[in-house]
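Read through the structure below, which is laid out as structure tokens, and then see the notes.
The numbers here are math on the coordinates, done by the rules we state, and not lab data. As the structure is a computational prediction, the values presented were derived from the model and not from experiment. Please note: Cβ atoms are built from the backbone with ideal geometry, for glycine as well, and neighbour counts cover all protein chains shown.
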Amino acid sequence: MDKDDLRRDSLREGLKVKGRSRREAAARGAEAEKGSRPRRNDILPSLRIEPYPVDALKSHVRKLRKSDPAHVREIANSVSTLGFNVPLLVGKDNVVVDGDSRLEAAKLLGLSSVPCIRVDHLDETEQRLLRLAVNRLGEKGFWDVGELEAEFRELIIADVPIEISGFGSDEIDQVVIGGNEDGYEAQRSGKRPVPAWLPFPDLRRRHRSRRRQTAHANRCRAHGPHG
């Protein structure tokens, strides 16, 4: 098979993938339309952010998501660096509708109170639906990998700790190295080439330094300060 044949096969495969993506997007749109309901009268309720004592808040007896200590620690790291910027949603009897992991992170940090938004304008059934919605709908979006790569590049050049966003070093490297087979196989084998977008020594040093700092922080968390 010559180069022209390979090029045609690659183009054909790319068109198939794009066509399949368009069909899937159209199907998701049609499914979302079927699920539409009449608009409620108070679609823009008056909401206020208020501090609530951590000890006064309760987790729902039915936990929809399993508690993950590593995830809670990641949230705590983010809060320590950026502050507590995402309020909890609180319903009847101070039960948390959204934000159980953030509440656990607050306890881990020893915070006495956290910002909350009450959703008492919803009845108990609606609060249960909201609890499902905020947990599920966020999962159904898609990352724009090209834009994500550009964001990572700029933040790495600015020498900021991207890992506090929840992205692991390997995930960041996979995005910035690229989605090609060579990059993917390098990630799997553990042989990570210097990304092509780091042509200058200074940027390479920042890239390596970020990985070393993250690895050291992970070791400290795993073994303690004297481990």
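Amide H contacts for Asp98 (H built 1.01 Å from N in the peptide plane; partners 5 or more residues away or on another chain; cut-off under 5 Å): Leu89. Listed by Cβ neighbour count within 10 Å, with the fewest neighbours leading, Leu57, Leu137 appear as Leu137, Leu57.
Shape class for region 113-156: oblate, because the ratio a/c of the largest to smallest gyration tensor axis (alpha-carbon atoms, square roots of eigenvalues) is 1.5 or more and b/c is at least a/b.
Rounded to two decimals, the Cα radius of gyration of region 49-140 over 2.2 N^0.38 Å is 1.04.
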